Amino acid sequence: MHHLLKACAAAVLLLWSCNITADNRNGRWEVVTNSDHTVTLLCNGDTLLSRAASTARLDGRTVSSQSYRKQQVRTRRTQDPLGKALEIRIRHTDRALPQMEISYRLYDHGRFVTVQSTLSDKKGVSTNGLTPVAAEKQSLRPGGTARALFIPFDNDCWIRYASHPLGFGRLTSYEATALYDNDTRRGWVFGSVDHDHWKSAVRLTSEDDRITGIVCEAGAADSLTRDVKEHGALYGRRVSSPRFLIGCFADWREGLECYGEANAAIAPPRHWEHAMPVGWNSWGALQFRLNYENASEVADYLRDRLQGNSFHTADNTLYVGLDSGWNAMSEEQLSAFTARCRANGQQAGIYWTPFTDWGCNSRQKMDHAEQYTFGDAYLYAHGQPQKLDGAYALDPTHPAVEQRMKYFSELFRRTGFTYVKMDFMTHGAMEADKWHNPEIRSGIEGYNYGMALLEKYFGDMYINLSISPVFPAHYANSRRIACDAWNKIKDTEYTLNATSYGWWQDRIYNYNDADHIVLREASEGENRARITSGIITGIYICGDDFSSGGPAESKSRAEKFLTNPRVNAAATGEAFRPVEGDGIRSEDQFVSRPRDGVTYYAIFNYSDKETRRTIDPRRLGLDPAAEYDFEELWSGEHLTLRRPAEISIPGKDVRFYAIPVSYTHLRAHE
């Protein structure tokens, strides 16, 4: 798929062909334009969307494509970052309404189509909602074990992904969703691929074993986007929705990966030329007890006990991160700390929250922008400051926010930090009464503005997002895949809930982040499970107190479990796929793509009691006729597998296998 999605420098526009009853086909995709001003979309001859209208919110009312008097269809060949395509444009006109145009692009590679709607009027048009697909009379049956995926807008408030069996009534998934049959894995993906102006959602309705409605909407704003105000209204002579990808796939997991790659083709991931980060973060244990002395002791401990024992990056360094509380240190201490890290062969990391006021005092002068009070820079909704997670939201377009960015970036650079964890970013994406910059008209526009400033001032540093929206993604190197996670099996399960259904986000970021791995006050099985959850998700960051006053147990566990070279070899930053997609809360089996002749496979037990599970080679993508040697990486035990076999997993533990595979076996199974 990477080859199909290479960006093109410019679109190639050929002559339009005007058509009222066109046979609008390209490969396995076909668009049928109906006389009632709806569209039917077919894939391989099967109806995916039946009589889908398009709608827009105008002056508090909803206008549909079916409200228009005239319809004209034109086709052309074109090319964009997603590939070469046949474009079908359906223009709806009416003297009393702005022109509505729906554009479907049917790509030559055949994996998906895109659809986008545009309103235009020479006098200008304002809308806070565009819905290029409103297919509300469907009868789509994905299969006998059908599921619909809920994807959250962000990772705040311990929100969870969910795989829903059909019959759920109504479901809103943010930016994207997948519909699939778990047994066959056949599925469909719907999702927005532009994230400059709109928050988007896919709204589904379902009865019994059917999907009865599919709505792809730009203009989503509700409690799960952390908004108390409706989506901002965009204005111009032309206002367009994001493009929505609609794809049909033999394997829904490939579909979500393809969706990620499509987003990355349009907005490529932030450049990173070094190895995947491995290291430590102070919030795991030290938190506000952090000071120069204990941070320095941790850096030395890492150097002496872990760094030379396989716990390091592929380019032989470690990232040692100071989280919230670092501001108790002087500038001289910060400089001394980073110098110590460099002497240890390490890189120093730090923490900041650019879009928050934790004091919640509107009259307080802003630190490092003293000509303003915090109240000058709040994002107001209905005339009131907006509070989330205990902090008021700041307007990313206010000059005070940029002034503080300039100050802190210069401080971090001057004192020697190369890695910054940016937290509570969703505050900057909230809808508001207005923004300081009058050209900004929506929360995501404001967020893009602020993130572009971050790139301007922190562009030479590694950026790791913590609490943040999934999209836009191209301003950061990595992002926490879920909310905070610590040491217990519940933390492993919570993290893996997000990896289960959001693993594909390593296509839009360089890496996912499973949060700091904490070992204290947990069983050894929980330690193994938590470390494995980090390795199969993305960057590999521990978090215990390794200072001289830290618990001896934390250090002994770290030296036992963080220095397993066979386990650590699996930590490449590439997220593992789920094996299944029908978990009640999370999936418990994950598999990697083959790397250097090895496939890795992890199976977790989130319960307190031992369980027995069957390993099916076919579900792992292996040749069921071949014989495999499964090496369990934590114990060193070997299992020979010729056919589906049962294994035992202790309570609150994991089995983590390396499976040598040959190209011949993989090709035979394909």
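Structure data summary
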item: Violating pairs (Cα-Cα greater than 24 angstrom) within the set Lys365/Lys387; Lys122/Lys199; Lys199/Lys490; Lys421/Lys456; Lys84/Lys123; Lys229/Lys456; result: Lys122/Lys199; Lys199/Lys490; Lys84/Lys123; Lys229/Lys456
item: Of all DSSP beta bridges in the stretch 509-616, antiparallel share, percent nearest 5; result: 65 percent
item: Calculated P(r) of the stretch 96-255 - Cα pairs past 21 Å, %; result: 48 percent
item: Sulfur and carbon atoms: percent of accessible area, the chain [1.4 Å]; result: 47 percent
item: Extreme residue, positive dipole direction of the chain, given options Gln79, Gly325, Val401 (C-beta unit charges); result: Gln79
item: Lys, Arg +1 and Asp, Glu -1 on Cβ, resulting dipole of the stretch 169-215 about Cα centre, debye, nearest 20; result: 60 debye
item: Added length on full extension, which subtracts the Cα-Cα distance from 0.36 nm per residue, Ser335 to Trp272; result: 20.2 nm
item: Proximal aspartates and glutamates to Lys70, defined as alpha-carbon separation beneath 12 angstrom and excluding residues fewer than eight positions away on the same chain; result: Asp36, Asp94, Glu101
item: Theoretical gain in end-to-end length, Arg69 to Val228 [0.36 nm per residue, Cα-Cα removed]; result: 53.6 nm
item: Cα-centred dipole magnitude for the stretch 335-404, charges only on beta-carbon of K, R (+1) and D, E (-1), debye, nearest 20; result: 300 debye
item: Unit charges on C-beta of K, R, D, E only; dipole of the chain, Debye; result: 2040 debye
item: Over the chain: helical MRE at 222 nm, DSSP H runs n ≥ 4 each giving -39500 (n - 2.57), nearest 500; result: -5500 deg cm²/dmol
item: Convex hull per residue volume in Å³, alpha carbons only, for the stretch 381-442; result: 100 Å³
item: Charge-dipole axis of the stretch 492-635 as Lys and Arg at +1 and Asp and Glu at -1 on Cβ define it, positive-most pick from Ser607, Ala625, Val518; result: Ala625
item: Estimated translational D of the stretch 560-652 in µm²/s (Stokes, Kirkwood radius over Cα pairs; 25 °C; 0.890 mPa s); result: 170 µm²/s
item: Sites Asp367 and Asp460, calculated FRET efficiency, Cβ-Cβ separation with R0 30 Å, nearest 0.05; result: 0.80
item: For the stretch 230-373, share of DSSP beta bridges that run antiparallel, in % to the nearest 5; result: 25 percent
item: Probe 1.4 Å, accessible area per residue of the chain, Å²; result: 38 Å²
item: The stretch 238-327: GluC sites (Glu not before Pro) falling in loop per DSSP and having at most 15 other Cβ within 10 Å; result: Glu273
item: Whole-number D in µm²/s for the stretch 434-485 (Stokes-Einstein; Kirkwood sum over Cα pairs; 25 °C, 0.890 mPa s); result: 202 µm²/s
item: Rg and Dmax [Cα atoms of the stretch 327-415; Å; Rg one decimal, Dmax integer]; result: 15.7, 53
item: DSSP-defined beta bridges in the stretch 438-587 - what % are antiparallel, rounded to 5; result: 0 percent
item: Most positive-pole-ward Cα, Ala575, Gln589, Phe546, against dipole of the stretch 536-590 from beta carbon charges; result: Phe546
item: Cα→Cβ-extended label distance, 7 Å offset, between Glu521 and Ala328, nm; result: 1.8 nm
item: 5 Å binning of all Cα-Cα separations within the stretch 458-586, expressed as whole percents from 0 upward; result: 2, 11, 20, 21, 19, 14, 8, 3, 1, 0
item: Average silhouette area of the stretch 143-217, convex hull of alpha-carbon atoms, in square nanometres; result: 5.3 nm²
item: Label-point gap, in nm, between Arg170 and Arg61 - each point 7 angstrom along Cα→Cβ; result: 2.3 nm
item: Gained length - Arg595 relative to Glu646, 0.36 nm times residue gap less alpha-carbon distance; result: 15.8 nm
item: Counted charge near Asn26, where neighbours are those whose Cβ lies closer than 10 Å (Asp, Glu -1; Lys, Arg +1); result: +2
item: Gyration tensor over alpha-carbon atoms, the chain, equivalent ellipsoid semi-axes in Å; result: 42, 34, 20
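The values are calculated or read from the model by the stated rules, or taken from the named source; none is laboratory data. Computed from a prediction, not measured in an experiment: that's the story for all the values here. Backbone-built Cβ (ideal geometry, glycine too); neighbour counts: all protein chains shown. Areas reflect the complete protein model, heavy atoms only, side chains present, ligands, DNA and RNA absent. Shrake-Rupley method; radii C 1.70, N 1.55, O 1.52, S 1.80 Å.
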